[in-house]
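Below: one structure, written as structure tokens.
Any read-out appearing in this document is the output of simple, stated calculations on the displayed coordinates, not a laboratory observation. Just so you know, these numbers come straight off a predicted model, no measurement behind them. All Cβ positions, even for glycine, are placed from backbone atoms using ideal geometry, and neighbour counts span all protein chains on display.
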């Protein structure tokens, strides 16, 4: 019996096995007025994918597609941990990053020149705590788009892949993610891969290649299921017009630029950009004279045709002459220059310059209490002890642009650089600091996220952060000429705009730590991506060699302006003794010593202060509150009570032991009070701790 929704449409679903669990796509239960909506169920995770296509023509020079991932705290049975805000508000950085992961494989699958307004929203309504819901959200977004009738060349599916005990696995549990040395997201269509993103603990390049192959094979059932759903729904195709340069105008422009591009433009980028601007302005003057009064209306079309001609020239130079726009060979790296210690009062700083791309990085060290609390739908009380923030104002590309908060690009670039360094950061037990790394881009001409990675590594070493190994990064590009790939090392803007792939990879001499790969073509086979990964290895090594000539290892000492932090590990059961009733004890310690104290649940206590004496006093105080009794050790204690058979002595707060009358002196003692009085300070030696935890003390053996 079929079920009909209130709008008169039949509710139905399709199901397949996906990585060992049923995956169900259901339509017409909710979202009656959307252009396309699908309810996706996987385990106990339920995600609503909604796609809305604008009905009015849009006059814009770009494709107005927006893709958002919505965290709903109720999906995990949670209320936000924020003290003041309980309603979901601005997306967390994690939600923004997942939105970008969904957007990146979808956007290239619309035809060039498509200008209809499209909004895609993936809302997590129920979350199975056994795995992350982001890849289910990607399938939901793609499924909704498949039902809109737009020229979307999907479907898309994705998998987040880990490696546990040498085996690849998708939909990992939290414990498995902790044990995995790889966190790889692969998205693709039936014929190839469209997007890759990864964080890794210095894994070998071949592991990444094998994981991509595995993921692309495993995602095929989800792709097939979306096609099955589309066949059942049979959405009506929407009419549209592509906004492309007029063919006659393009021919006219191609004829005008003949002989003006090519070898004449193969100059270093500042000079090349100036030459292009001069040619462009001359072009517009000549066209305005030729076309006349109507040129003001057609100017944008002519300008776009000029840009298209420029991109074709870039591709032609690489394919025909094996020369890039600035004259470099395909695997040649731009000139490198770096400095460290450039800012006198910061805890660590650097400048990394590659060609015209330049990044300044600043490191700030602070006590662990300054770590960022992560409050998302997925994580309850997580912390980010290492934070990387990225800023790139308009002036860095020569534009007038209002300053504002970080956008999706800035968040994404900062996160990529953060993932690149995270595997080599010291543990909080070895280096009990919160670390904030800020990259201020000074000039852009391609691959600023990799400049951020390299400058951050140098600044961390300048700050004396004991990273395990230095990390370098490089951006790779690709030009496809039919079935022939041309892989480019260290791409600049011109090659990025004209190319078919943007691939960024970071790592140490041991292996890869982070990776991000975006396609501008409709999927690529793993073999071509493997070629790019292999070629990147030499480029990373070249850049790393340069970095080590600037600073070969982390500095031995911290900046004199960085806080000094010492640590002590105590029995977690003794944390209450340090805190005291209502925080009375810890407040007294901080007020009387001037030190800042942080306590972790596992018993790690850090004490921070610019004054070494303050740290020493606070540590001694904490030790006196938490010290564990040790057999054979001598203590200074206070007699707290006297009995006929002996006396009880307090050796440190909360810990008493008994001195039997026979252990008071070498001489016979008739009465305990002949030797001791309450309140008297005595030296005692701990002789034994019985199976009930009782302490046996001796005064005579202490002497």
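For the chain, the longest principal axis of the Cα atoms and the long axis of helix 448-462 meet at an angle of about 20 degrees. The long axis of helix 408-421 is offset from the longest Cα principal axis of the chain by roughly 50 degrees.
For the range 77-170, the spread of Cα positions along the three principal axes, ordered from largest to smallest, is 46, 43, 20 Å.
Does the range 138-268 come out rounded, prolate or oblate, given a ≥ b ≥ c as the square roots of the eigenvalues of its C-alpha gyration tensor, rounded meaning a/c under 1.5 and, failing that, prolate meaning a/b above b/c? Note, shape of the range 138-268 comes out oblate. Each of 32, 12, 352 was scored by other Cβ atoms within 10 Å of its Cβ. Listed from fewest to most, they are 32, 12, 352. Under conditions of 20 °C and 1.002 mPa s, the chain yields 72 µm² s⁻¹ as its translational diffusion coefficient, taking Rh as the Kirkwood radius over Cα pairs in the Stokes-Einstein equation. The calculated 222 nm mean residue ellipticity attributable to helices in the chain amounts to -9500 deg cm²/dmol, summing -39500 (n - 2.57) over DSSP H runs of n ≥ 4 and dividing by all residues. Note: relative contact order over the chain, using C-alpha pairs below 8 Å and six or more positions apart, is 10 percent.
Look at the alpha carbon pairs under 8 Å that are at least 6 residues apart: their mean separation over the length of the range 288-426 gives a relative contact order of 10 percent. Note on the range 564-626: Cα-Cα pairs beyond 19 Å make up 18% of the total pair count. Relative to the longest principal axis of the Cα atoms of the chain, the long axis of helix 220-233 lies at roughly 50 degrees.
Ranked by how many other Cβ atoms sit within 10 Å of their own Cβ, fewest first, the residues 62, 74 fall in the order 62, 74. Taking other Cβ atoms within 10 Å as a rough exposure proxy, 90, 100 sort from fewest to most as 90, 100.
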